[in-house]
Ligand code: HEM
């Protein structure tokens, strides 16, 4: 995809990762991840492991990010609470660490674009989980809607920070692709498959 002069980074990310977004969205809905409690619990367990890894990467690289928003560090806590509410004790959280690493702060920023953007779809997912599984934020569905009524404000603020990023935009796009690839090959791998699968 060609880059237009003056194109905002957020616009470029939306265009260049749109197909990956649609693929993940389609798989989540069509493969039944939100249709029964066992599948959803497996998904939350994997997302918990993914966010622990994202937060470790954030700690490693965030010093270089002026636009870093510390709230991103709260997602694994919400997912841990969801697992408890779904009946998975701490000692039973057996997911291994996803093979996700960013080469630099720009890559991390791209990964965070995917994390923050997913809170928009998270609004839809929360409603589906309430309708299909009777779950609310208190009973196991807080991780997809971490900001509640502040979601849009949060997203707009994050986008402004992204567009002010002074580094190489290409690195940000690479990081966003890595995160979507991790969803595609690691988070949404077959439910029976163990974790020995890479993200690329
Ligand atoms: C059922 C699942 C999902 C639905 C229905 C959904 C829906 C949406 C909607 C309505 C938007 C805002 C409108 C738009 O710009 O297209 C959005 C944005 C976004 N979603 Fe999803 N989404 C889902 C899952 C996900 C997941 C799992 C991820 C990440 C792995 C994700 C990443 C994003 C990103 C990055 C954006 C921002 C796009 C932009 O730059 O404007 N979504 N989604």
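Summed over region 159-173, residues that are more than 10 Å from the ligand (Cβ to nearest atom), touching a helix residue (DSSP H, G or I) at 6+ places or on another chain (Cβ under 6 Å) and assigned to a helix (DSSP H, G or I) total 5. If you go through region 9-43 and keep only what is more than 8 Å from the ligand (Cβ to nearest atom), assigned to a helix (DSSP H, G or I) and either within 19 Å of residue 79 (Cβ to Cβ) or at pLDDT below 95 (or both), you end up with 37, 38, 39, 40, 41, 42, 43.
Here's the yes/no breakdown for (1) within 16 Å of the ligand (Cβ to nearest atom); (2) surrounded by 14 or more Cβ atoms within 10 Å (Cβ to Cβ); (3) under 28 Å from residue 162 (Cα atoms); (4) at pLDDT below 90:
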position	(1), (2), (3), (4)
50	yes, yes, yes, no
65	no, yes, yes, yes
68	no, yes, yes, yes
73	no, yes, yes, yes
79	yes, yes, yes, no
82	yes, yes, no, no
110	yes, yes, yes, no
116	yes, yes, yes, no
123	yes, yes, yes, no
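For the residues 153, 138, the requirement of being more than 11 Å from the ligand (Cβ to nearest atom), assigned to a helix (DSSP H, G or I) and without any contact (Cβ under 8 Å) to a residue 12 or more places away in the chain singles out 153.
The values are calculated or read from the model by the stated rules, or taken from the named source; none is laboratory data. Only a predicted model underlies this, so the values are computations on that prediction, with no experimental measurement involved. Ideal geometry is used to build each Cβ from the backbone, glycine not excepted, and the neighbour counts take in all protein chains shown.
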